[in-house]
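Reading through the structure tokens given below for one structure.
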Amino acid sequence: MHCARGVSIKYHETHTHNEAKEKVHSSHSFRNLLENGSVYVGLNAALCGLIGNSLFRRVLNVTKARIVSALPMAVLPFFTTEVTYRGFVNFPLITELIYFLGDLNCETCTATRSGLVGLLVGGLYPVFLALPVNGSLAARYETALLPNKGNILSYWIRVSKPVFRKMLFPILLQTVFSAYLGSKQYKLLIKALHLPEPGQEIH
């Protein structure tokens, strides 16, 4: 009797999961946003990397090796942010709402996590990455007077301040966009699965 009940429950859960996946796949708007959302965040991160790279090149008077510095500043932030967003937002969101195994079960949680990914990985990381890339080029081509060993930290802080000041708006924009995207994905998935909003009762 217990065995039959267990099989019945397992069948019901499997049927529910399959039905939920079919609903998600049939929702064109959510599928499109789910597949391309992390790409949008990654592209914004690549743009932040290119802007930060350009600003550091100006500060350090680096005029050579444009492609050498621009290529990693676009590629690395894009892939790092895209993979991080998928791993920390997309995957937990789907596993929670379809399989009940994730840890994103509210819109605020999703927006907060996606916003943090946008801030730390999609905004700050590209700018910090631009510092050693262009610092090494400045040392190689001797375009800037680099400090002695004792003044390295204070020198790079002074050099970075105007760059981070100018990057404040792109970083904030990336953060807000990522948070909005996560919130939108959550709402679309709730709608695709025909689930009630948190706090609402099922009638």
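Please treat every number below as a calculation from the coordinates, not as lab data. Nothing here was measured: the structure is a model prediction, and the numbers come from that model. Quick reminder, even Gly has a Cβ in these numbers, built from the backbone with ideal geometry, and neighbours come from all protein chains shown.
Structure notes:
- Legend: distances between Cα atoms for LYS161/LYS184; LYS64/LYS166; LYS64/LYS149; pairs beyond 28 Å are LYS161/LYS184.
- A simple count of charges around LYS64, restricted to other residues whose Cβ falls under 14 Å of its Cβ and scoring Lys, Arg +1 and Asp, Glu -1, yields +3.
- FRET efficiency for the pair TYR40 and ARG66, taken as 1/(1 + (r/R0)^6) with r the Cβ-Cβ distance and R0 = 25 Å, rounds to 0.45.
- Computed about the Cα centre, the dipole magnitude for the stretch 64-183 is approximately 740 debye when only Lys and Arg (+1) and Asp and Glu (-1) carry charge, each at its Cβ.
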